[in-house]
Structure formats: structure tokens, C-alpha cells
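Please read the structure below before turning to the comments.
Read-outs: derived from the displayed coordinates by stated rules, not from any lab. Just so it is clear, the model here is predicted, and its values are computed rather than measured. All Cβ positions, glycine included, derive from the backbone under ideal geometry; neighbour counts span all protein chains shown.
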Amino acid sequence: MAANLLAGGLVCLAVGRAGGAWLTGWLGLLVLLLGAGLYGWWTRRGREPGTVSAKGYYRGSWHAALLGLCWGLAAAWWFAPAAPAERVLIATLVTGMLGAGAFALAMLPLASLAYTWLIVAGSLVALWRAQEPIFLAVGALLLAYATVVSLAAMALARQSTALLRARFSHARQQQVVSLLLRDFEENASDALWETDAAGRLVHRSARLATLLGVPEERLGEVRLPQWFAARAQQSGPLLAAWALGRPFRDLKLQLGRGEQARWWALSAKPIASADGAAGGGWRGVIADITEAQRFENQLRVQAEQDALTGLANRRNLMNAAQAAMELGQPGWLLSIDLDHFKVINDSSGHTTGDEVLRVVAGRLLSLVEEGDLVGRLGGDEFAMLRLGTSPRRAPQAMAALIIDKLSEPIEVGPKRLHVGASVGLARLDPGIANVEDLMVNADLALYDAKRSGRGRSVVYASALGAASRRMHTVEQALREGLGQGQFELHFQPKVDSQTLQALGVEALMRWEHPTLGSISPGEFIPAAERCGLIHELGALALKQACLAARDLPGLNVAVNVSPLQLMEPGFVESVERLLVRAGVGPSTLHLEVTESLMLEDAQAALRRLHALRELGVQVALDDFGTGFSSLAYLRAFPFHTLKIDRSFVRSLTEHADARAIVNTIVRMAGVLGMRTVAEGVETDRELAIIRTIRCDEVQGYLVARPMPLPKLQDWLAGRPLTGPVDEVDSRILPWRLTQYSPPTTMFSTEL
């Protein structure tokens, strides 16, 4: 600060009166900064702080930057108009301040750089203002000089920092040693020991006597190597090091077994004899690490064992499988998942559920053979790793036994609970890259077992892997397809069963992927539900259907709605907005739902459907007869239409019971004030029976296949269809149904 003050005075002498008010202001700013710096030094002159705060670091950097700015401004303002002699003085002062300040601030790298380059910036402005060619070379030299100074200052900062760290490290080590020695002396938690060349203890202490369990006056009789050999488990490494005269550190020894076991950590080195050779005895320390070792053992058990059931956990099981695969050992992995366990948790509580899991674990353990490892992967998922060389039961037989065993009732208090299990099997094939792929194979087999009805086992095959990859591909392509407009609605007409007059259409989503080709709704709709895109897909279908309804006057448009989509908050409001934007009356829109909706949350579903009915939208129950089919739900839910599943329609011509069921459904719907639609009508015989039963509407390939909107309009107008219409064939009826009612013979197979 004093050097800055002296340099500031010299600048005033060089500039003189030419500086005017600017010089006075500049000098005042410089004095203010120098005064702040000197004040800070004076108030802290008697202290030697070990650290500095980040706030102090940045405050010092800002202070240095302001000083650099002052000197840069001085050069920029007064160098160019000054006389040659004054220029030399200013240049000398600025250069000197630049170099000296950069190194003085080296311990604050940010401050050093800011100070240096702000002065350089002002100096370059001064040289530019001077407008003399020689100053181009001077500017280049100045940049080179500043660069070298900055690099040197940074190197000095690194060296100084390394020196400080070394000092701190040394001081910390000295503190640690001091604390350890003080701990030994004051608390005596460990014991120092020393022996002669024969191994007899020559250093005696109360702590050592307590550890060894020997009276202090008899410690001199103890030969330490023989004492450890008689009492410690696996004392070989200690005796070997002792015999070879090699120092050792933290050598762990276990004394005793079971609950009474104790663990010591020994460190020692040989004592040199008078001639400098080894063999003068040993000196070391015994540390009692029993509590730490017990805690470590407990952590190890927790890391490898499931806390609830006591079985191996996922990590333990996967490590065992990985080790077996690396050794090329044959075996099987059985992935086990409980069926309907969620129902037990929801109805009886998690405490009961935990008890069920413990019972399941016990039953699985009762089935194991030599080489089997049973583990709990999480939740209600278990696994059995079979590595035995000659098991009594084949893997498929063991899976069947597991399913039978877990199907037996479980009694928890007064409750008698039933769970089942599904099992997926995967072989430890040498072609499998890692244990994660093995787990994936077992899970794929398990999912297939659950899809095919639960309570069964499935062995992994490559076809399951291909199906999984296909599923993953479809899920990845869904979002791209939605963004690129690859989805399109096709429409299948619904006609009056007696007059064959067109009453409405059902909107069916179709997906034509540029590389995967045509993907069926049975594949992409479940995929959309799995990956959370069903709401976007459903919203797209509703929007396109409402827009299409404007071009289909007099016809209602039915749209299938997923239960996930219907239960979304704000669904009813979104339907209302779509109808208003499309300018379509609510009664034109029919929403079709399935019976699975009633099983999810019946009360919430009932509220949604009543809100839709109040809006004026009609609701149809799709695929009636294939699900829960509760008559109580039919009374409570505001359904306008029942759609009879095509499986009943196909059986009408062959099975009398199917005809009786359909007849009952039609009569029941009439009593409840609902219309009926027969789906999947494909032959004239089926149509004749439907007419006899007096079902209200028919829909199926006999009438027309699904088709795009332009072709549907041609079909309704009676114009010939050209090009493919969703596998169009000759059975599509090419007439204006709203104007003409053909006789039944028009449905002959010749048409």
C-alpha cells in the first residue's frame, strides 16, 4: 500500500496541472483504496489466522482489481498527452507496479490475474491513443511480459500452496501422534508390549494383564508366541512373521468362538540387538477391536441377508450367480413371484403381509437341496439359485413343487390366507454375458408365466427374448410415431340389424410405422399403457374422432377409452373442450369402456361416467360377457349401450348355449333401457340369428371393415372403393345404407 501511495505521488508530479479535476478524483480514489487496505492490515497485524474465508478471499480479489483498474486508468488517461520524460516516468511506474503487484498477490491467484490484466488493458489503451508506430511493438512486448509475469505468479502460488499443505500435514501428523500417545498413557484402551529374544514379556502393565487374563506379577512367565498359538484362531501368519523377523501391522486375530469371541489387532517390529542385527526381541501394541469387528460382522450380514426373512438378498444371490458363471458351473436360476400378494397387503395390512413373506421364506428353505441358495429380491419376489452337481429334483420339478407348496393356505392369527406363485426358469448358459442378463431371462420367463394365467412355470427360450426386444422397440417407436403423425383413425360402420341402415361408426386407431410396418392395436395399446403414453394416444383419438364427426352428419362416432385415460383428473373437462372446438354435439360422441374399469376404482369410475352422461356423451360397455359382468354394476353405471363380444357371436351358429346367452343379454339390456351391438358379425347365418334375437345393431366384416374417413364417405355414398381398405375384400357392402335396405340374400357368399 505504501508503494502504491508513493507511485501515486510520482504520477501527480509527472502529470502536474494538466491532470485537472480528473487527477484529483483519481488520486482520491487511490488514497481511499490504499486507506482501506492499510486499515485492514492494521486491525489484523497481531493475528496469524490459519485459514481465510471465501468472503475474505473474494474481498481481497476485488480490492486488487480496483487497484489494477486505477493504474490502468492512469496510463490510459495521461500517458498519451504527456511529454516524453513524463511518459518514461509513467511507463516505468506502471510496469513496476504491474510486476511487483502480480508477485505480491501470488497467493491470491484470482487477485493477481485481475490486477495484472486490468493494468495491461489500460496500458494498451494508452499506447493506442499515442498513435505512434513504435508503440505497436511496445504493446506486443507488454503482452508478452504480462503473460510471463502471470505464469510465474501462478507457479509461485502453486509452490506456496504445496508448502502450506505440507506444513499443515506435518502439523496434523504431529497432533495425531501426540493424541495417540496421550490416549495410550491416559486411557490405556490398548496395551503396549515388549519381549526379549525368547519371546518372554519384559514390559508389564495392568492393561496388558487384563487383556491376556494373566496376573500382572506373572506376566514375565508368558511367552507371547506360544500364548497366541494356543488360544488364537488362525495364528499362522503371526507366527510366520515372528519367525522371519518381519514387522507386521494391524494383524487381526480371533480368540475364542461364538458369543465369547474377541478380536485383537497386533502391530509390532523387531528390536535391533546391540550390534545392529535383528533378534533383540519385539516391541508392539495390542488393540482390542472386538466391538468394531462385531459391528463389521453385523454390517456384512446385513449387506448379504434380507432383514425380514433372513434369506440371501439380491446382492448376495447375484454375487453367487456371477461367481458360478465365471467358473463355468452349470445351474439354474428360478425367479419366483407371489400371485395376489397385493390383495393381502391391502386387505390385511403390511404386518400380516410381512408374516406371509416369512412363512413363504420358510417353505422355500424347506425345499432346498445341496447347492441351492434361496434369496428375496425385494417385495414379493424371491429366487432360488440351483448349483448342485446332482440334484434330486430337476429344475422343472422343483418349480412345480414350489408352486404347490406356496399354494397351501397360510394361517396368520385367525386369518387363513391363500397365495400362489409363478416361476420363471433360466439356465446358467455359457453364452450369457453377465448375471444381469441371466436375471432378465428369468424375469422374462416369469412374466410369460404370469401372462399365461399365473400359478405355473415357464422355461426361458430365445423367443421370449425376441418378444421382449420387440416390445422394447415398439415402446421406443411410440413417442416418435406420435410426434410424426404416424397414427390415423379408421372407421368401422355400425348398422341397424333389421334395416341395415347406418347408425354410427367406431373409431379404431391404426399405426403404420415406416420400418416396422403395420402394428396392431393389440400390440401398441398395451405398450402405450406400460410406458405412460396412453393419455397422449387417447387424446389424439378423441380429437380426430370429434373432427371426423363433423363430416359424418347423422352418425354417432364411438371411441374406445382406456381405464387409465378415463381415470385421469380433468378427463371430462378435456372431452367437453374437444366437443366445443370441433363444433359437435355431445350426443354424437360415444365412449366405449371395458369391464376392467369397474375393478380398479368403482366409485371414482362411477363419478366419471355420470359426469360424462350429464355432459350428454353416451357411454357403451365394450366386450360384455368376457370380464366381471356384474349385474349390480350394470344397474349403477350409466351405460347407454352393451356391446356383445365377438366370441359369443362366432358361437351362435354352433352352440345353442351361446345363442341363449346372447338372447339373455339382449333382453336384460332392454329391461335396463340399453341398446345392444353385436360385434364381429361375418356371415349371413350370424346376421339372421342376430335379427331373430332382435339385437339392435350389428358391426363386423360382413358389413364393412375399418377404413379411412375418405373411403368411409365413399362407402356411405355408394361409390366403388379403390385401393386397400384395411384388408378390404368383396364382402364390403357398397351402397348408401341410409337410403336403401337390401334383402337378406344380399349377404350371400357370392356377393
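At-a-glance table
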{"quantity": "For Leu503, net neighbour charge (Lys/Arg +1, Asp/Glu -1) across residues whose Cβ lies under 12 Å away", "calculated": "-2"}
{"quantity": "Sum of -39500 (n - 2.57) over DSSP H runs of 4+, divided by residues of the chain (222 nm, nearest 500)", "calculated": "-17000 deg cm²/dmol"}
{"quantity": "Where N is the number of residues in segment 6-120, Cα Rg divided by 2.2 N^0.38 Å", "calculated": "1.15"}
{"quantity": "Residue (of Leu10, Thr51, Pro521) at the positive-pole extreme of the chain, dipole from beta-carbon charges", "calculated": "Leu10"}
{"quantity": "Rounded to 5, percent antiparallel among DSSP beta bridges of the chain", "calculated": "70"}
{"quantity": "Ranked Arg530, Arg358, criterion: other C-beta atoms within 10 Å, fewest first", "calculated": "Arg530, Arg358"}
{"quantity": "Per-selection Kirkwood Rh - the chain (Cα, Å, 1 d.p.)", "calculated": "36.9"}
{"quantity": "Amide H contacts of Asp339 (H built 1.01 Å from N, under 5 Å, at least 5 apart or other chain)", "calculated": "Gly420, Ala421, Ser422"}
{"quantity": "Cα gyration tensor, segment 495-586 - rounded (a/c under 1.5), prolate or oblate", "calculated": "oblate"}
{"quantity": "Farthest positive-ward along the chain dipole, Cα basis, beta-carbon charges - from Thr389, Leu716, Gln293", "calculated": "Gln293"}
{"quantity": "When segment 120-261 is reduced to its Cα atoms, the Kirkwood hydrodynamic radius in Å", "calculated": "21.7"}
{"quantity": "Listed pairs Lys543/Lys643; Lys494/Lys711; Lys643/Lys711; Lys494/Lys643 exceeding 19 Å between Cα atoms", "calculated": "Lys543/Lys643; Lys643/Lys711"}
{"quantity": "5 Å-binned pair-distance histogram of segment 305-460 (Cα, whole percent)", "calculated": "2, 10, 20, 23, 21, 14, 7, 3, 1, 0, 0"}
{"quantity": "For segment 652-667, 3J(HN,Hα) per residue [Karplus equation, 6.51 cos²θ - 1.76 cosθ + 1.60, θ = phi - 60°, Hz, x = Gly/Pro]", "calculated": "4, 7, 10, 10, 5, 5, 5, 5, 5, 5, 5, 4, 5, 4, 5, 5"}
{"quantity": "FRET efficiency estimate (nearest 0.05) - Cβ-Cβ, Leu141 to Thr43, R0 45 angstrom", "calculated": "0.65"}
{"quantity": "Antiparallel DSSP beta bridges within segment 301-388, percent to nearest 5", "calculated": "95"}
{"quantity": "Mean separation of Cα contacts under 8 Å, 6 or more apart, over the residue count of the chain: relative contact order %", "calculated": "6"}
{"quantity": "For segment 116-131, 3J(HN,Hα) per residue [Karplus equation, 6.51 cos²θ - 1.76 cosθ + 1.60, θ = phi - 60°, Hz, x = Gly/Pro]", "calculated": "4, 7, 6, 5, 4, 4, x, 5, 5, 5, 4, 5, 5, 5, 5, 6"}
{"quantity": "Local net charge near Arg581, Cβ-Cβ under 12 Å (Lys/Arg +1, Asp/Glu -1)", "calculated": "+2"}
{"quantity": "As computed over segment 191-296, the Cα convex hull volume per residue (Å³)", "calculated": "95"}
{"quantity": "Amide H within-cut-off set for Val495, under 5 Å, with H built and near neighbours excluded", "calculated": "Leu503, Val698"}
{"quantity": "The chain - charge dipole about Cα centre, Lys and Arg +1 at Cβ, Asp and Glu -1, debye rounded to 20", "calculated": "2440"}
